Amino acid sequence: WGFYIINCVFFIGISYGGAMTSAILRLTNAKWRAPLTRLAEATAVAALLVGAVFPIIDLGRPDRFLNVILYAQVGSPIVWDVVAIGTYLVASVVFLYLPLIPDLAIARDLLGSRAKRLGKVYGILSLGWRGTHAQERALARGVGILAVLIIPLAVSVHSVLAWLFAVTSRGAWHSTILAPLFVLAAVLSGVAAVILVIAALRKVYGLQAFITARHFRYLSYLLIALGMGYLYFMISEYLTEGYVAAEEIAPVLESIFVGQYAPSFWTFAIGGLVLPLFVAGLPGRFPIARACLASILVIAGMWLKRFLIVVPGMAGP
């Protein structure tokens, strides 16, 4: 049971991180962002589509998903989640599509005469783009507005996902810090996923002239900042809960720190959080290899962290 929910939270988190990376780079008008933003946006859409499938699999009978729509209740956190993910999916697709319009117009002009059907598809998708000053200004305004909107939308999606756990009266889940913890975890794993996607496509398509070591160095700085933020929130959560050791949380914490889930926790804490920060932050040669290694460790660690949230919390009586 736990793996479906773990993967749902994990992939939606990667999606959020991809969208946030692109939105922040566009809003700050970072000069080095050009080769990265579209890859980040495509990663966001793909990961969200994968993550959204897992709760439907978890139902056992996918037709039951219709009950969320047919018998929706405003007081249900699951309804909030479906609405938030649906809205975010539409916004992410539009955010990916708008900057593609000029390129779709190029494909329309190049392929229109040679491939009639494909030419028609590109003709429809390019929305009559001719590259006029008015069109460029309107497109820039639209992309700018979406870049602003996508950030609160993404925050709301992962906050609502956290509240699905936090409003449940289980000691391991009923926490006020869970929403910001989920949001930081999402951005952290999302940036790591973007680094790996960019590195893979750079290698496969020979984009070394466009995507350089500098891009990976800057993304590594972002990874370090987010990792340190997440480490602070995690210590804050465990310190306060462990110090009080309330009856409903003490057995769960014991199982995580010294019990059956201890190997997973310490592997995550050391190998998936602390070690990647050192690997990404070390100066010297091989910045791309170090960024990729740190990202692999972060992604594996963040999956383990989702495991430590979902399974021990549900396994206890």
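General remarks:
- In terms of its C-alpha gyration tensor, region 133-211 has an oblate overall shape, because the principal axis ratio a/c (a ≥ b ≥ c, square roots of the eigenvalues) is not below 1.5 and a/b does not outweigh b/c.
- Folded to 0 to 90 degrees: helix 287-315 orientation relative to the chain principal axis, Cα: 50 degrees
- Carbon + sulfur, % of accessible area of region 222-317 - ligands and nucleic acids excluded, 1.4 Å: 76 percent
- Expected 222 nm ellipticity per residue - DSSP helices of 4 or more, -39500 (n - 2.57), all of the chain, to 500: -25500 deg cm²/dmol
- Relative frequency of Cα-Cα separations exceeding 13 Å in region 41-80, percent: 62 percent
- For PHE182, net neighbour charge (Lys/Arg +1, Asp/Glu -1) across residues whose Cβ lies under 11 Å away: +2
- The rule of thumb for compact globular proteins, 2.2 N^0.38 Å, goes into the C-alpha radius of gyration of the chain 1.09 times.
- Largest-first ordering by accessible area, 1.4 Å probe, given options ARG61, ARG202: ARG61, ARG202
- Compactness relative to 2.2 N^0.38 Å, alpha carbon Rg of region 166-223: 1.67
- Cα centroid separation, region 103-177 to region 211-259: 30 Å.
- Of the three principal axes defined by the Cα atoms of region 45-104, the extents in descending order read 42, 24, 15 Å.
- Cβ crowding within 10 Å averaged over residues, with 12-19, 182-189, 281-288 ranked highest first: 12-19, 182-189, 281-288
- Distribution of pairwise C-alpha distances over region 35-162, 10 Å bins, in %: 11, 31, 28, 20, 9, 0
- Peptides 50-58, 255-263, 299-307 ordered by average Cβ neighbours within 10 Å, highest first: 299-307, 50-58, 255-263
- Values of log10 I(q)/I(0) for region 210-269 across q = 0.22, 0.23, 0.31 Å⁻¹ run -0.90, -0.94, -1.17, by the Debye formula with one identical scatterer at each alpha carbon and no solvent.
- Top of ALA84, ALA40, ALA193 by mean-square fluctuation, Gaussian network on the chain, Cα under 10 Å: ALA84
- Per-bin percent of Cα-Cα distances, region 71-119 [5 Å]: 5, 18, 13, 12, 11, 10, 8, 7, 7, 6, 2, 0
- Averaging 1/r over every pair of different alpha carbons in region 130-175 and inverting the result gives a Kirkwood radius of 13.3 Å.
- Only the Cβ atoms of Lys and Arg (+1) and of Asp and Glu (-1) were treated as charged; on that basis the dipole of region 101-216 about its Cα centre amounts to roughly 460 debye.
- When only Cα pairs below 8 angstrom with a gap of at least 6 residues are kept, region 1-119 shows a relative contact order of 26 percent.
- Within the chain, longest stretch free of exposed GluC sites (Glu not before Pro) [DSSP loop, at most 16 other beta carbons within 10 Å]: 1-246
- Counting every C-alpha pair in region 249-316, the share spaced more than 16 angstrom apart comes to 50%.
- Scaled against 2.2 N^0.38 Å for its residue count N, the alpha carbon radius of gyration of region 158-317 is 1.15.
The values are calculated or read from the model by the stated rules, or taken from the named source; none is laboratory data. No experiment lies behind these values; they were computed from the predicted model shown. Positions of Cβ are backbone-derived with ideal geometry, glycine not excepted, and every protein chain shown enters the neighbour counts. Please note that ligands, DNA and RNA were not included when accessible areas were found on the heavy atoms of the full protein model with its side chains. Shrake-Rupley method; radii C 1.70, N 1.55, O 1.52, S 1.80 Å.
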